[in-house]
1. Does any residue of the range 134-152 turn out to be within 30 Å of Thr210 (Cβ to Cβ) and of a type in the set (S, T, N, Q)?
2. Scan the range 111-118 and tell me whether some residue there is at pLDDT 85 or above, under 22 Å from Ala9 (Cα atoms) and surrounded by 15 or more Cβ atoms within 10 Å (Cβ to Cβ).
3. Within the range 59-78, count every residue that is in a helix (DSSP H, G or I) and either among the polar types (S, T, N, Q) or surrounded by fewer than 16 Cβ atoms within 10 Å (Cβ to Cβ) (or both).
4. Check Val58 against each of (1) out of contact with any helix residue (DSSP H, G or I) (no Cβ under 7 Å at 6 or more places or on another chain); (2) more than 26 Å from Thr208 (Cα to Cα) and name the one condition it does not meet.
5. Take the residues in the range 79-96 that are touching a helix residue (DSSP H, G or I) at 6+ places or on another chain (Cβ under 8 Å) and within 30 Å of Ile13 (Cβ to Cβ); name whichever of them is surrounded by the fewest Cβ atoms within 10 Å (Cβ to Cβ).
6. Taking the criterion of being of a type in the set (Val, Ile, Thr), loosely packed, with under 12 Cβ neighbours inside 10 Å and either outside any helix (DSSP H, G or I) or at pLDDT 85 or above (or both), would at least one residue in the range 15-25 satisfy it?
7. Going by the conditions given, is Phe184 in contact with a Leu (Cβ under 9 Å, 6 or more places away or on another chain), at pLDDT 90 or above and of a type outside the set (Asp, Glu)?
8. On the basis of being in contact with a helix residue (DSSP H, G or I) (Cβ under 9 Å, 6 or more places away or on another chain) and not in a helix (DSSP H, G or I), does Leu202 make the cut?
Amino acid sequence: MFDFVLVPAYDLIRSLSDLTGAALAIVLFTLGVRLLLLPLGIRIARGQRIRMRLAPDVEKLRKRFRQDPVRLSQEVNALYAKEGTSMASGFLLPLAQSPFFMVAYRLFTSAVIAGHPNLLLARGVLGVPLGEHFGAVLAGAGLFSAPGLVFLGLFALLVLAAWVASRRVDEGVPMRRLLMLLPFGTVLAAAVLPLAAGLYLLVTTAWTTTERIVLYPRPA
């Protein structure tokens, strides 16, 4: 069902890889996806700044209507609506990314695209095919082989990006410890996905972290 967008994306990355190499082609593709979603990210960040400014007013409403959750929700929603934002706006970006992620997942994991072999996965990064899995490298060449070191380098960069992202979780937010651990899920995902998907995760995670550093304020 995704072939109508999967095939053009596949052709684009194959063409880019002829010019730049496979790794840079994936980086450019991922940056293009995130750049396309940047206006939405800016809008959501603006909403976050508004909600932070309104936090004292929301706290007053919580105290006033603590015995009436329905009324509290109505009052908070009305306050946010007056300022042009909402409680649910933070979920818009993950939802908007979902179709792109599904296309990228198919593109970097499927052996067949529109009935034809996925030749992209045969191309390599530092001699490691984009379709290679970490488990296969461990079973074949070993952890400290050249392919193993490529994966270890990818994992190290993902851990670094996840660590920076975890430090952006503000004090006092609900389930803070869980939110701090979530970015490290990309490392586990990269351990079971092909190398190409791991590169995609690295670039999109780094973009998300940078976007939050630049666009999202930290509480005083």
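The values are calculated or read from the model by the stated rules, or taken from the named source; none is laboratory data. All values derive from a computational prediction rather than experimental measurement. Glycine also receives a Cβ, built like all others from the backbone with ideal geometry; neighbour counts cover every protein chain displayed.
1. No, the range 134-152 contains no residue that is within 30 Å of Thr210 (Cβ to Cβ) and of a type in the set (S, T, N, Q).
2. yes
3. Adding up the residues that qualify gives 12.
4. (1)
5. This residue is Ala96.
6. No, the range 15-25 contains no residue that is of a type in the set (Val, Ile, Thr), loosely packed, with under 12 Cβ neighbours inside 10 Å and either outside any helix (DSSP H, G or I) or at pLDDT 85 or above (or both).
7. yes
8. Here the answer is no, as Leu202 does not meet what is asked.
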